[in-house]
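Down below is the structure, laid out as structure tokens.
The values are calculated or read from the model by the stated rules, or taken from the named source; none is laboratory data. None of the values given here were measured: they were computed from a predicted structure. Neighbour counts run over all protein chains shown; Cβ positions are idealised from the backbone, glycine included.
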Amino acid sequence: MNNILTLTFAAVLALTFTACDSGSRPQPQKGGARQVSDAERVYVAPGKLDDYYAFLSGGQSGSVFVYGIPSCRFLKEIPIFEPRAGLGYANNPGSESYRRLHETGPMWGDTHHPVLSQTEGRYDGRWLWINDKANGRVARIDLRTFETAVIKRVPNIQGAHGLAACLPSCKYVFVNGELEHDLADSTDATKYHSLIAFLDGESLETRFEVAFVGNADIASSGKDGRYVFSTMYNSENAVTSEGMIERDRDAVVAIDVPLAEKALADGKFTRVKGVPVIKPEDVPGLLTLIPVPKNPHGCNVTPDGKYVLASGKLSPTVTIIDAHTLKVVAEPEVGLGPLHTTFDGRGNAYTSLFIDSQIVKWNIEKAIKGDPTYIVDRVDVHYNVGHTKAAGADSSYPSGDWLISLNKLSKGMYLPVGPAMPESQELIDISGEKMHLVAAFASLPEPHDAVFMPRQTLADKVVQTYEPAPAAVKLGEEKIVRNGNKVDVYMTCIRSKFVPEQFEVHPNDEVTIHLTNVETIRDMTHGFALSDHGINIAVDPGQTQVVSFNAGPRGTYWYYCTWFCSALHLEMRGRMLVKAPNEPLSDSIAPPPPTQAKAQDTDKKASVSYE
Ligand code: K7E
Ligand code: CUA
Ligand code: CA
């Protein structure tokens, strides 16, 4: 949402923020009974499991946060576009995860829109895709392991923002270029375009792109394989914020996907940086601009596929567009600063109101018919909500029980932790006619959007251990291989031992550790940290990790396990012996004698000799 504040809003926002500050804390609710029943709604007893995983984008943390719902417990961070040394992710230049991230761009990213794969309108538990707005990248997470499987740079795109899967097949995911530029790389603003890129859902290779004047912000797919939709707030193709709010109406972009595929097959494209780019002027009907007011933001197709809803942002309206005829059918007023809309599967829409700090529930068919009672309920959230998402709302079968409000400011909601306050989410029960806010929880910065995955969908999908890779080191086959100054150490670990427990190298040798965790039960992760070398990797059961580094100067360097695994966790360590250049090296992986060093006499005062 960091992109949406505009000048028009400045005065209103100042007022809103001041008002919130003066009465900063929500008053305790009257009626203890209600609070007790709220607590019961989100209470999940120790050892009991939550009903949903909630995948929250990590925003400028570059990752995905996994929470349990309804307990709001934090379960996991999945690092993607930013190194995470504690988890052994992309923190060592000599590791595969570092190389894979580094070759796609900077070691940081800005994740906004988590998208779940679907089959026949239901989340199928295979993949989660997410964008990197800052560096034009998309990643795919494998939900068997909850780890990043693929990261790809999308050619020709800047500001990879809106992301959605082309439904119903998910054969493509498409990502919107929010930031305009010249595809031939000049700085001439009269040549600026933006584009929507269609990527293969599995490999994330860019299959084709559609380029046009203006920009593309938030994305949503029709349900029948024909159109995909994006909001366009800069139809002015301006380069200043004043310029971007000149027009009263911008647009929703509809792209006819089968027509794009036909154009591709007919060769109606030009290649730009290796990717076929299709221009709408060459393919009549490919791109339709549907006028909507003013600098629209959220773009959401209803679960039944009938309508696409564009949230007005600078207009207090949501525009309802027929997803098949592409005609505007209604434009109900919902409140100030509408950003995103989600669904309960019972014909109701829930729109986040940034300026009003509310979620508004409204009935879609009533709004279309002009029934003045279309507003069903409003609930205050704390404060300045961006995205909101109900369980299952991106599929054809929302479950209509829980909704999350992803708020931009928390103000007095939590213990003060300095000038910056925690990011705040709120959980709202939407199972009844009235919404009911039952819980709030903090997070790292800054979740934009979220998707709920029912626990049952992943129940038999999440693996217990990794399948050993072809390159896995087998127990008893550990070895040290030397080639000039390159040393490969093929190592295993299992509670509570590394094999080998020592290896010898010369100063500045290039060392590569191939470490396989030969545990066969879940959760027995071991780590490998090497003192004074900045090396830490995490190796899950069955997994093999490879890390390379320079041995550095002469000395003894202990490596040790960083994941507390057993009563002998502290003893789970070994030595890299960096010997003088003229000293011969042993290739033995046999364990050193158990008490090689002089034992400490525990009765005497410890003394150290430096001779
Ligand atoms: Cu509204 Cu990037 Cu989804 Cu933020 S965008 S809120
Ligand atoms: Cu292995 Cu701690
Ligand atoms: Ca505009």
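Within 25 Å of the chain's Cα centre (by Cα) and assigned to a loop (DSSP other than H, G, I, E, B): is that true of Glu433 in this structure?
Taking the combined requirement at face value, the residue does not satisfy it.
Might you let me know whether region 277-291 holds any residue that is basic (Lys, Arg) and without any contact (Cβ under 8 Å) to a residue 12 or more places away in the chain?
no
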### Query
Any idea which residue in region 223-241 is farthest from ligand 2 (Cβ to nearest atom), counting only those that are over 21 Å from His448 (Cα atoms) and in contact with a Cys (Cβ under 9 Å, 6 or more places away or on another chain)?
Gly225
### Summary
Pro447 passes all but one of the listed conditions (1) more than 30 Å from Asp217 (Cα to Cα); (2) assigned to a loop (DSSP other than H, G, I, E, B); (3) touching a residue at least 40 places away in the same chain (Cβ under 8 Å); the exception is number (1)
### Task
Inspect region 262-275 for any residue being within 16 Å of ligand 1 (Cβ to nearest atom) and modelled with pLDDT of 95 or more and give the result as yes or no.
no
### Task
Please work out if Val417 is surrounded by 19 or more Cβ atoms within 10 Å (Cβ to Cβ) and more than 16 Å from ligand 1 (Cβ to nearest atom).
no
### Query
Does region 394-409 contain any residue that is touching a residue at least 40 places away in the same chain (Cβ under 8 Å), within 15 Å of ligand 1 (Cβ to nearest atom), small (Gly, Ala, Ser) and in contact with a helix residue (DSSP H, G or I) (Cβ under 9 Å, 6 or more places away or on another chain)?
no
### Message
Please pick out the residue among Pro553, Pro541, Pro593 that is away from ligand 2 (no atom under 12 Å from the Cβ), part of a loop (DSSP other than H, G, I, E, B) and at pLDDT 95 or above.
### Response
Pro553
### Selection within region 282-313 - surrounded by 21 or more Cβ atoms within 10 Å (Cβ to Cβ) and not in a strand (DSSP E or B)
Leu286, Asn295, Pro296, His297, Gly298, Thr302, Pro303, Gly312, Lys313
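Run down Ala219, Ala197 and say which single residue is crowded, with 16+ Cβ neighbours inside 10 Å, of a type in the set (A, V, I, L, M), modelled with pLDDT of 95 or more and in contact with a Leu (Cβ under 7 Å, 6 or more places away or on another chain). If you could, list the steps in order and put the result at the bottom.
Details: Ala197 fails: in contact with a Leu (Cβ under 7 Å, 6 or more places away or on another chain).
It is Ala219.
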### Query
Is there a residue being away from ligand 3 (no atom under 16 Å from the Cβ), more than 25 Å from the chain's Cα centre (by Cα) and not small (Gly, Ala, Ser) anywhere in region 290-303?
no
#### Entry: Among (1) at pLDDT 95 or above; (2) among the small types (Gly, Ala, Ser); (3) over 25 Å from Tyr123 (Cβ atoms), the one test that Ala439 misses
(3)
### Query
Is it fair to say Asp371 is surrounded by fewer than 23 Cβ atoms within 10 Å (Cβ to Cβ), charged (D, E, K, R) and more than 20 Å from Arg249 (Cα to Cα)?
yes
### Query
With (1) over 30 Å from Glu583 (Cα atoms); (2) in contact with a Leu (Cβ under 9 Å, 6 or more places away or on another chain); (3) within 16 Å of ligand 2 (Cβ to nearest atom) as the list, and Phe498 as the residue in question, which single condition is left unmet?
(1)
### Query
For Arg144, which of the numbered conditions (1) on the phi > 0 side of the Ramachandran plot; (2) not in a strand (DSSP E or B) fails to hold?
(1)
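Here is a yes/no grid of residues against (1) more than 16 Å from ligand 3 (Cβ to nearest atom); (2) among the β-branched types (Val, Ile, Thr); (3) at pLDDT 95 or above; (4) crowded, with 17+ Cβ neighbours inside 10 Å:
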residue: Ile355; (1), (2), (3), (4): yes, yes, yes, yes
residue: Val360; (1), (2), (3), (4): yes, yes, yes, yes
residue: Lys411; (1), (2), (3), (4): yes, no, no, yes
residue: Asp429; (1), (2), (3), (4): yes, no, yes, yes
### Task
Collect the residues in region 519-533 that are crowded, with 21+ Cβ neighbours inside 10 Å and over 29 Å from the mean Cα position of the chain (by Cα), keeping them in residue-number order.
Glu519, Leu530
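Which ranges mark the strands (runs of 3 or more DSSP E) fully within region 353-425 that have 2 or more residues being out of contact with any Asp or Glu (no Cβ under 6 Å at 6 or more places or on another chain) and farther than 30 Å from Ser169 by Cβ?
Qualifying strands (runs of 3 or more DSSP E): 358-363, 375-380.
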### Task
Any chance you could count how many residues in region 169-190 are buried (at least 18 other Cβ atoms within 10 Å of the Cβ), at negative phi and not aliphatic (A, V, I, L, M)?
7
### Message
Taking the criterion of being within 26 Å of Tyr98 (Cβ to Cβ), in contact with a Cys (Cβ under 9 Å, 6 or more places away or on another chain) and polar (S, T, N, Q), would at least one residue in region 523-532 satisfy it?
### Response
yes
### Task
Count, please, the residues in region 220-243 that happen to be assigned to a loop (DSSP other than H, G, I, E, B) and either out of contact with any helix residue (DSSP H, G or I) (no Cβ under 6 Å at 6 or more places or on another chain) or within 16 Å of ligand 1 (Cβ to nearest atom) (or both).
10
### Query
In this structure, does Gly162 turn out to be crowded, with 24+ Cβ neighbours inside 10 Å, part of a loop (DSSP other than H, G, I, E, B), more than 16 Å from ligand 2 (Cβ to nearest atom) and of a type outside the set (A, V, I, L, M)?
no
